[in-house]
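Trainee: Handing you this structure, nothing more for now.
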Amino acid sequence: MTAASESRTALVRRARRINRELIELYPEVHTELNFGSPLELLVATILSAQTTDIRVNLVTPTLFARYRTAADYAAADRAELEKMIQSTGFFRAKTNSLIGLGQALCERFGGEVPPRLSDLVTLPGVGRKTANVVLGNAFGIPGITVDTHFGRLARRFGWTTSTDPVKVEEDVGSLFPRKDWTDLSHRLIWHGRRVCHSRRPACGACTLARLCPSYGEGPTDPVVAAKLVKAGPFS
Ligand code: SF4
């Protein structure tokens, strides 16, 4: 099977089969960032750029106890905030984003995180990916989060040929009902982190092998492939 020779109906069927397999494989999905409100998730997601969720989760309990509202971030003492988030890297830029975020939320959205993609992407430090994470996980509004794992797996599955995140979002979104978007995003990312790695995907140990047109991109020998599989928790 090649993705190119496949009819649209067959593509949709295969995509949904892959999703069913992923549901069996990863029944419990959630973001690996800890948060208790949309604002906390927004802050945690901004902090997660270029670092691991584990590192962010180490920093956020103290941070969230000290900064509870958008107004708290708007009025933050820069040096204090920088120190608190220093271990997440790029802390000066992230501090700018968090203070700017607090100010923008207070000035334009009454201090609340707006539940709309078009509003979220106008906030400092918030791109489409972050906005979709927040919509899907804090507001329960379906969103497709195209990060590096999601894009790579979507291309390997033949769901898209694009490397443009907006186009990937559109192409994949058209294959699934909206209600599936958020959990599908988590599952693809989880599979990318654990099995379908960028350099050497563990094809010989992958339960999606028979549904995947890219089977063989990584070692197919089960023993070799099994050694490539990474256990969570991640990120
Ligand atoms: S068969 Fe290989 S390329 Fe396809 S999803 Fe599995 S690990 Fe990735």
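No value in this document is a laboratory result; all are computed from the given coordinates. If you're wondering where the values come from, they're calculated on a predicted model, not measured in any experiment. Every residue, glycine as well, gets a Cβ built from its backbone with ideal geometry; the counts of neighbours run over all protein chains shown.
Trainee: Residue separation times 0.36 nm, minus the C-alpha to C-alpha distance between residue 96 and residue 62: what's the value?
Mentor: Between residue 96 and residue 62, full extension yields 10.4 nm more.
Trainee: Same structure again: Specify the inter-centroid distance of the stretch 112-128 and the stretch 141-209, based on alpha-carbon positions, in whole Å.
Mentor: The two parts, judged by their Cα centres, are 23 Å apart.
Trainee: Magnitude of the Cβ-charge dipole of the stretch 81-145, K/R +1 and D/E -1, about the Cα centre, nearest 20 debye?
Mentor: Magnitude of the dipole: close to 200 debye.
Trainee: Using Cβ counts within 10 Å as a stand-in for footprinting exposure, how do 168, 229 rank, fewest first?
Mentor: Ordered by Cβ neighbours within 10 Å, fewest first: 229, 168.
Trainee: Please report the base-10 log of the normalised intensity I(q)/I(0) for the chain, using a Debye sum with one equal scatterer per alpha carbon and no solvent, at each q in 0.09, 0.12 (1/Å).
Mentor: -0.42, -0.70
Trainee: Give me the three principal axis extents of the stretch 142-209 from the C-alpha atoms, as integers in angstrom, largest value leading.
Mentor: Principal extents (Cα only, largest first): 31, 22, 17 Å.
Trainee: Right, something else. Report the FRET efficiency, 1/(1 + (r/R0)^6), for residue 231 and residue 34, where r is their Cβ-Cβ distance and R0 is 30 Å, rounded to 0.05.
Mentor: 0.90
Trainee: For 230, 129, which order do you get if you count the other beta carbons within 10 Å of each Cβ and list the fewest first?
Mentor: Ascending Cβ contact count within 10 Å gives the list 230, 129.
Trainee: Kindly put 46, 99 in sequence by how many other C-beta atoms sit within 10 Å of each C-beta, fewest to most.
Mentor: With the fewest neighbours first, 46, 99 line up as 99, 46.
Trainee: Let me ask something else. Can you check what the net charge comes to around residue 143, using other residues whose Cβ is under 10 Å from the Cβ of residue 143 (Lys, Arg +1; Asp, Glu -1)?
Mentor: Once positives and negatives cancel, what remains is +2.
Trainee: Set the Förster distance to 30 Å, then compute FRET efficiency between residue 5 and residue 164 from the Cβ-Cβ distance, nearest 0.05.
Mentor: Computed FRET efficiency for residue 5 and residue 164 comes out at 0.80.
Trainee: Per the Kirkwood treatment, what hydrodynamic radius in Å, one decimal, follows for the stretch 1-129 from the mean inverse distance over all distinct Cα pairs?
Mentor: Averaging 1/r across every pair of different Cα atoms and inverting gives 16.7 Å.
Trainee: Right, another one. Under 24 Å between alpha carbons: how many lysine pairs meet that in the chain, if sequence neighbours fewer than 8 apart on the same chain are excluded?
Mentor: 5
Trainee: Which distance in nm do the two modelled labels at residue 50 and residue 79 give, with both placed 7 Å along the Cα-to-Cβ direction?
Mentor: It works out to 2.4 nm between the two label points.
Trainee: Next question. What does the charge add up to near residue 87, with Lys and Arg as +1, Asp and Glu as -1, over the other residues with Cβ less than 14 Å from its Cβ?
Mentor: Local charge sum for residue 87: +2.
Trainee: How large is the dipole of the chain about the Cα centre if only Lys and Arg carry +1 and Asp and Glu carry -1, each at its Cβ, rounded to the nearest 20 debye?
Mentor: Charge dipole of the chain: 680 debye, to the nearest 20.
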